[in-house]
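*Asks:* My structure is below; once you've seen it, I'll send some questions.
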Amino acid sequence: MNQPDETPTLDGTFPRKGVGNPPGADASANEVLRALFERCSIRRYTDDSVAPEVLDVIVDVGLHAANAGGCQAPIVLVSQDEAVNRRLGSISNALYDEGYYPVLEAQPSTACEVGITNGFYDAPVVITVFTPKGWSYAPFDASLCAANMMLAAWSFGLGSCFVSRAARTFATDFGCQVKRDAGIPDDYEAQLHLVVGHPESTERDAKPLYPNRVAWI
Ligand SMILES: Cc1cc2nc3c(=O)[nH]c(=O)nc-3n(C[C@H](O)[C@H](O)[C@H](O)COP(=O)(O)O)c2cc1C
């Protein structure tokens with residue numbers, strides 16, 4: 001699953017009918033491009049906390065992301081509560097139900113059969129992006145917010161990882177309690193988590209692009 005030279009899909013039916021990919025770009029042309037090309041998901045963290053002024057910038061960058069209709073629908077919960085993060089991370093991990101596969105050797109994930117118990121990878125910061133219930137653009141708004149924060153984190157030498165299952169994680173009794181205690185309105189739902197921290201390792205798997213992902217007219 002998701003391995004180059006194998007059917008690169010979860011269900012085996014993903015057509016890639018483009019005619020080629022662009023030639024490799026010069027990743028060092030400027031700092032933004034460097035960050036875009038070099039960023040990778042980090043799942044091995046040290047115990048060090050993230051400096052508050054740095055975290056402020058990361059979150060601020062997230063709030064400045066492009067958003068549907070200019071409505072600024074996403075709101076975020078930033079948790080540095082170790083006990084809460086560990087418990088929600090273990091709930092998130094247990095909710096994973098998409099099968100195991102051995103990708104991501106350098107930064108193994110919940111999807112790898114390596115005995116991970118915390119779906120937040122013991123990161124010191126867990127940011128959850130919420131959007132109003134019924135908001136048509138919820139996944140797009142939340143994802144762009146997360147993408148901005150990933151790159152901001154990377155620019156500070158921090159690592160991050162997008163984690164799914166947030167709606168189900170926050171629908172549990174404990175998730176509801178955390179949400180209530182944090183003052184997140186009832187009519188908002190969790191879309192995704194972004195875990196952030198200092199990389200214990202920036203080792204990464206090679207990321208060859210699948211072929212034929214672009215069509216040109
Ligand atoms: C929509 C989405 C959901 C993801 N869910 C998870 C997740 O639940 N757990 C995890 O460890 N990584 C998750 N990831 C991270 C991907 O595994 C990662 O981005 C992908 O393997 C590409 O690697 P890279 O980020 O290093 O480029 C998710 C990423 C996206 C965009």
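Quick note: the coordinates plus some simple rules give every number you see, no bench work behind them. A quick note: this is a predicted structure, and the numbers were derived from the prediction, not measured. For neighbour counting, all protein chains shown are included, and Cβ atoms are generated from backbone atoms with ideal geometry for every residue, glycine included.
*Asks:* Given N residues in the stretch 31-197, what is Rg(Cα) / (2.2 N^0.38 Å)?
*Replies:* Values: Rg = 15.2 Å, N = 167, 2.2 N^0.38 = 15.4 Å.
With N residues counted in the stretch 31-197, Rg over 2.2 N^0.38 Å equals 0.99.
*Asks:* Sticking with this one: Once the piece of chain linking residue 98 and residue 182 is laid out straight, how much longer is it, given 0.36 nm per residue of separation minus the C-alpha distance between them? Each step should come with its number before you reach the end.
*Replies:* Values: separation 84, 0.36 × 84 = 30.24 nm, distance 3.00 nm.
Computed gain between residue 98 and residue 182 is 27.2 nm.
*Asks:* Restricting to DSSP H runs of at least four residues, report the calculated mean residue ellipticity at 222 nm for the chain, -39500 (n - 2.57) per run over all residues, nearest 500 deg cm²/dmol. Mind dumping the intermediate values first?
*Replies:* Details: 6 runs with 68 residues, N = 217.
Counting only the DSSP helices, I get -9500 deg cm²/dmol.
*Asks:* Could you please tell me the mean projected area of the C-alpha convex hull for the stretch 64-130, averaged over all directions and given in square nanometres to one decimal?
*Replies:* Details: hull surface 24.3 nm².
Averaged projected area of the stretch 64-130's Cα convex hull equals 6.1 nm².
*Asks:* What nm distance separates the two modelled labels at residue 136 and residue 105, each placed 7 Å from Cα along Cα→Cβ?
*Replies:* It works out to 4.7 nm between the two label points.
*Asks:* Whole angstrom only: what separates the Cα centroid of the stretch 174-200 from the Cα centroid of the stretch 69-111?
*Replies:* The stretch 174-200 and the stretch 69-111 have Cα centres separated by 10 Å.
*Asks:* While we're on this one: I'd like the FRET efficiency for residue 174 and residue 63, computed as 1/(1 + (r/R0)^6) with the beta carbon distance as r and R0 of 30 Å, rounded to 0.05. Please report the intermediate quantities before stating the final value.
*Replies:* Values: r = 26 Å, r/R0 = 0.88.
E(calc), rounded to 0.05, equals 0.70.
*Asks:* May I ask you to compute the full-extension gain from residue 38 to residue 81, defined as 0.36 nm times their residue separation minus their alpha-carbon distance, rounded to one decimal in nm? Please list the in-between numbers first.
*Replies:* On the way: separation 43, 0.36 × 43 = 15.48 nm, distance 2.95 nm.
My answer for the length gained is 12.5 nm.
*Asks:* I need the peptides 177-187, 82-92 ranked by packing, meaning the mean over residues of other C-beta atoms within 10 angstrom, with the highest value on top.
*Replies:* Going by the mean number of other Cβ atoms within 10 Å, highest first, we get 82-92, 177-187.
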